[in-house]
Every structure is written in C-alpha cells, then in structure tokens.
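A short write-up of the structure that comes next.
We did not get these values from a lab; they are worked out from the coordinates using the rules stated. All of these numbers come straight from a predicted model, not from anything done at the bench. All Cβ positions, glycine included, derive from the backbone under ideal geometry; neighbour counts span all protein chains shown.
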Amino acid sequence: MASAGKPFDDRDGTIWYDGKLVPWRDANVHVLTHALHYASSVFEGERIYDGRIFKLREHSQRLIDSARILGFAVPWSLEQIEAASNETVRASGIADGYVRPVAWRGPEQMGVAAQHTKIHMAIAVWDDWKAYFTPEARSKGIRMAWSKWRRPAPDTAPTAAKCAGLYMICTLSKHAAEAEGYEDAVMLDWRGQLAEATGANIFLGIDGELHTPTPDCFLDGITRRAVIGLAKARNIKVIERAIMPDELGRTQEVFVTGTAAEVTPVTEIGQYKFQVGTMTKTLMADFDKMVRAS
Ligand code: PMP
C-alpha cells in the first residue's frame, strides 16, 4: 500500500464512518469529542487473512458488548457491522492486514455526564501492521519485563470491555519495557496473580500441560479461546486457574496470544528464562493453518 509507514491521519484510501466510506483524510472528530476527554470509546482489532476477516462475528459482538458495558449502544446491528467491515476491507483491496472498528461518544455534551451524546462508529483497514512483534522476535521469542501497573479489579474498572480507558496502563507499561530494551511487559492483577501482556494473553507450558490465568479481570481474548481449542484438539490439557508469578520458576515454555501477536513465544520474563518449546511451536503452526483455512 502506498501509504504504508505514513502517519495514520495522512493516508490514501477510505474509512467507513457513520454509515459510508469517506476519504481517509476526512475521517475526523472535533476536539471537544467526549471520548477524547473521558475515554468513552470502545474498539476492536481484527486480522484479514487471504481477504477474509478472522473471527469477524466474535469481534463485532465484542464491540457491541463493550459499548453496552460502557453504557451506550452501538447504533448498528451485528449484521450491519459485519457487512460494513467486509465493505471496508473490499474497498481497501487489502488481502492480509488489520481492521480497526471503533465506537465513541461525540461532542454534543461535555462533562462527566454524557447521556445525550451521539454515538459514532468508524472502521479503518491497513496492511503495514501485520505483526505486533517483528518476524525475528516472533521466531526467536520475545523478552518481557515486569510492569509496575496492575490490572484492576472488576469493581474498579469495566475490565470485561475492550475500552480505551483500560489501555492507559498498557501504554505506560509498554513504554517502560521498551525503554529498557524489552519487547513487552507482563502485568499482574490487583491480587498479585499473573494477568496478561499489554495487548495479549499469556500461556505457560508446565510439564506438557498448558496453564493460563482465568480471565476474571482482563480480556478473555478471541485468540486465547481459539488457541485453547487448538490445544484441546491436540489432546494437550489446558488448565485455567489463578497463577502466581513465582510459578514461572517451574515453567518450561511461555507464549502470548492476540489478534496482532498471534501466537508469539516468550523467552524471558524478568528473572525467568524459557525455551521455545514443542507445544509453542505446534500451536504456532496450528494457528497459522487455522487462520487461512477457508
Ligand atoms: N489483552 C489485551 C489487553 C489486548 O489488547 C488484547 C488484544 N485485543 C488481548 C488481550 C487479546 O485479545 P484478542 O485475542 O481478542 O485479540
């Protein structure tokens, strides 16, 4: 794509905006948009493989659910969101790329109360963001730091929603990790249990079994659920439970999962080191096959 690598407000192509495709550079919001000041925004991240959006239905449903959790209704049905997403992908001509639907409260009302704001929605597609981590990092495994930020309790923040406000501590964690030469950070939760990465879920391979934290205060990723299915199909035992960080001392392999991360091996978390193991390699290959299966 001619626009690859350019700033995200200065690209060719079109963006679906409140019901129609508009020129990319015209898809703007006013500076007094409620979402910009008070984080009243929900979004999705999706991948296009061979021209098809992977798990489109699940992502579109999660967008609707996230908005409901934040107290607003996306003014489009599940089917309309799916059709709009496919229309945007078709118009872009992109066969392998990334889709970003977003819904937010507009500028009709300022302040904490926002009952009368209009709800907007946009969908953008790009293809220079194929991998969250570089191909080299993906094949060798990534190094992760510990974040000083913790995932909040479900009665402290709307943790089941994929909403803008929850990413504040992810950006802070990621910046701190990158400043020290790491690729990403692992976040604990409010109880001190292992939670997730800044944009991906985490799995531990312990003695041939797969262990992953119960997603009771962070996103139950769509990739996470798909990978659990792939592991079970391989007769790998998957255990969802509370995991304390010192269990990494008896863990042989670790990987993270996410729409952008796919299945990415982890070779280091703070003081702990891991191999890119057999389970990780098997599930990476199975995942690559699944996303391209018609
Ligand atoms: N946790 C966070 C914080 C994320 O941003 C993501 C990416 N959406 C995930 C987990 C993984 O979710 P999914 O597999 O649905 O992309």
Could you work out how much longer the chain between residue 3 and residue 20 gets when fully extended? Use 0.36 nm per residue separation minus the Cα distance between them, nm to one decimal.
4.0 nm
In Å, the C-alpha Rg and Dmax of segment 14-126 are 13.9, 44
So for R0 = 51 Å, FRET eff. of residue 239-residue 87 from the Cβ-Cβ r, to 0.05, ends up at 0.80
Burial ordering of 264, 282, fewest other beta-carbon atoms within 10 Å first
282, 264
Which one, 13, 221, 249, has the greatest fluctuation when you compute a Gaussian network model over the chain with C-alpha springs under 10 angstrom?
249
Considering the options 285, 147, 248, tell which one lies farthest towards the positive end of the dipole of segment 135-293, charges being +1 on Lys and Arg and -1 on Asp and Glu at the Cβ, about the Cα centre.
285
How would segment 81-140 be classified by its alpha-carbon gyration tensor: rounded, prolate or oblate, with rounded meaning a/c under 1.5 and the a/b versus b/c comparison settling the rest?
oblate
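If I take every Cα pair under 8 Å that is 6 or more residues apart in the chain, average their sequence separation and divide by the length, what percent do I get for the relative contact order?
Working: 585 pairs, mean separation 49.2, N = 294.
Normalised by residue count, the contact order of the chain is 17 percent.
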Structure-based [θ]222 nm, the chain - -39500 (n - 2.57) summed over DSSP H runs of at least 4, per residue, nearest 500:
-8000 deg cm²/dmol
What are the lysines whose alpha-carbon lies under 29 Å from the alpha-carbon of residue 140, with same-chain residues fewer than 8 places away excluded?
6, 55, 130, 148, 174, 232, 237, 273, 281, 289
How many percent of all Cα-Cα pairs in segment 178-218 sit more than 16 Å apart?
44
Measuring from centroid to centroid over Cα atoms, what is the spacing of segment 84-163 and segment 1-61 in Å?
9
³J(HN,Hα) across segment 120-128 via Karplus (A = 6.51, B = -1.76, C = 1.60, θ = phi - 60°), whole Hz, x for Gly/Pro?
10, 8, 9, 9, 10, 10, 9, 10, 10
For segment 153-170, Karplus-derived ³J(HN,Hα) couplings (6.51, -1.76, 1.60; θ = phi - 60°; whole Hz; x for glycine and proline) come out as 5, x, 9, 10, 8, x, 5, 7, 8, 8, 10, 3, x, 6, 8, 4, 6, 6
Going by amide H atoms built from the backbone, whose H comes under 5 Å of the H on residue 96, apart from near neighbours?
51
Taking square-rooted eigenvalues a ≥ b ≥ c of the alpha carbon gyration tensor, is segment 52-98 rounded, prolate or oblate, where a/c under 1.5 means rounded and, failing that, a/b exceeding b/c means prolate?
prolate
Please list 3J(HN,Hα) in residue order for segment 285-290, calculated via the Karplus relation 6.51 cos²θ - 1.76 cosθ + 1.60 where θ = phi - 60°; whole Hz, with x for glycine and proline.
5, 4, 5, 4, 5, 4
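Before anything else, pin down the relative contact order of segment 158-240: Cα pairs under 8 Å, at least 6 apart, normalised by residue count, whole percent.
On the way: 90 pairs, mean separation 20.7, N = 83.
In percent, rounded to a whole number, it is 25.
Report the Rg/Rh value for segment 1-79, based on alpha-carbon coordinates and the Kirkwood definition of Rh.
In segment 1-79, Rg relative to Rh is 0.98.
Suppose R0 equals 25 Å; then what is the FRET efficiency for residue 225 and residue 271 from their Cβ-Cβ distance, rounded to the nearest 0.05? Walk me through the intermediate numbers first.
On the way: r = 30 Å, r/R0 = 1.21.
Between residue 225 and residue 271 the formula returns 0.25.
Within segment 37-66, report the chymotrypsin sites (Phe, Trp or Tyr not before Pro) that DSSP leaves as loop and that have at most 11 other Cβ atoms within 10 Å. Mind showing how you got there, number by number?
Details: sites: 38, 43, 49, 54; in loops: 54.
The qualifying sites: there are none.
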Stretch in the chain that is longest and holds no GluC sites (Glu not before Pro) that DSSP places in a loop and that have at most 14 other beta carbons within 10 Å
181-294
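How much length is gained on full extension from residue 61 to residue 118, taking 0.36 nm per residue of separation minus their Cα-Cα distance?
On the way: separation 57, 0.36 × 57 = 20.52 nm, distance 2.03 nm.
Gain in length upon complete extension: 18.5 nm.
Let me make sure I get this right: for segment 135-293, a, b and c are the square roots of the gyration tensor eigenvalues over alpha carbons, sorted descending. Under 1.5 in a/c it's rounded, otherwise prolate if a/b > b/c, else oblate. Which is it?
rounded
Can you pull the Rg over Rh of the chain, Cα-only, Kirkwood?
Details: Rg = 19.2 Å, Rh = 19.9 Å.
Here Rg/Rh amounts to 0.96.
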If every alpha-carbon in segment 85-204 counts as one equal scatterer, what log10 I(q)/I(0) does Debye give at q = 0.11, 0.13, 0.14, 0.15 1/Å?
-0.54, -0.74, -0.84, -0.93
